[in-house]
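S.K.: Questions regarding the structure given below will be posed in turn.
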Amino acid sequence: MKNHSNIDIVISKFLDDHATEDEKTFLIEWIKDSENRAYLEDYLKTEIWVKYSFNSSIIEKQLSVLSIVTKPKKKKARSSFIKYAAIFIGILTSTALFYLFSDQSENHGMDESMITLEINNGTSRFISLEDYKNFNFDDNSAVLNDNESLKYESKKDYDQKTSTPEHHTIHVPNGKTFQVQLADGSQIHINSGSKLSYPKNFNGFKSRQVSLIGEAYFKIAKSSVPFLVNVDGLSTKVLGTEFNVSAYKNETFKEITLVEGSVEVFNNDPGDVYTSSKIMVPNQRVLKKDNSTGLTIDEVDIKNYTAWMEGIMVFEKENINIILRKLERRFNIDIDNNYKKLDELSYSGRFKNENIEDILKTMQAHTSFSYSMEGNTLTIDNP
């Protein structure tokens, strides 16, 4: 069996727009071989879908670059590259891009108020994860329990190839949480307002990769095959450990907190050459702000970052706007803040069974403001 570790690096660098001219030329020559071309097609069907599922614009950008490259050039060496670049584009569009360029934001056929499983194996279909009595898979590979959890049949045969990879996405709306056990035995607790994408099984994958928008707690099954959690701009690589990832689209930061074991966190932005990485130990947090490629690491009280799994909300000197977004996700409401003085304030607190009014009254004891509720919208105004 061929060792493809080096070519995997070249392919990845090409898709991230980091490949040198020599690497591009090598890749175009390499895919002339039918066996190599078949390997590339399989690679794109598996590794790339999960890595870029949260941000298909990365691949779109590369295709745009390739389209520019395919314009006629005078040099003979360039013309050979141009000819086979078109072949490479064809491979991309016929495999991974089928998944990536489908409009994943419209979610046709999905009730956005329900916890839903999206199944994509060429076409998308949606299954409610709140109706366990009527839930069934044709191949019985997953079971939906009445305690709001989905469990896949445990399979760890990573060398067995799957001809048509099937990718699943769990959509968890605001006001709800959900748990899933993947086919490798890894357990994931998904917070409200989040989306987790992953392969139905990891057969034929060189790594176990999932992508996340929102927040989730991961308890990864130990294996020699690495497990990667990809969020927009950041990846976390582990072999077996427990950690929390928070990467909501409407926040200006991403953070990973480690409970147990050791993980490597690194940038996966196209413009970054993966030089920025951190090795974490328990009770540490890695923070990345959206306007920076740098990663900061600090010591934290880990319980504050995992309390949400027990239904507890913890604010630790947090800005009011971050708190309001958390309240929106927790109570599935919209909040309009018209009292701009609050924008400058931070609060600390711990709430479990309190409703939204209890929390707001506690905050009012610190700072005076008024609020009103109409339908699903809470409006905050001057006192």
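Read the figures in this text as sums done on the coordinates, not as results from a lab. Note that this is a predicted model, so its numbers are computed, not measured. Heads up, the Cβs are rebuilt from the backbone with ideal geometry, glycines too, and the neighbour counts pull from every protein chain shown.
S.K.: Just rank 116, 293, fewest to most, by other beta-carbon atoms within 10 angstrom.
M.R.: Details: 116 22, 293 15.
So the residues, fewest neighbours to most, are 293, 116.
S.K.: What ranking of 7, 256 emerges when the number of other C-beta atoms within 10 Å of each C-beta is taken as an exposure proxy, fewest first?
M.R.: Working: 7 18, 256 27.
By the 10 Å Cβ count, ascending, the order reads 7, 256.
S.K.: Then there is this: What does the C-alpha gyration tensor say about the overall shape of the range 312-381? Classify as rounded when a/c is under 1.5, otherwise prolate if a/b is larger than b/c, or oblate. If you can, show how the numbers build up before the last one.
M.R.: Working: a/c = 1.44, a/b = 1.06, b/c = 1.36.
Cα axes put the range 312-381 in the rounded bin.
S.K.: Applying the Karplus parametrisation 6.51 cos²θ - 1.76 cosθ + 1.60 with θ = phi - 60° to the phi angles of the range 362-374, what ³J(HN,Hα) value in whole Hz is obtained for each residue in order, glycine and proline being reported as x?
M.R.: 5, 5, 5, 5, 8, 9, 6, 7, 10, 8, 9, 10, 9
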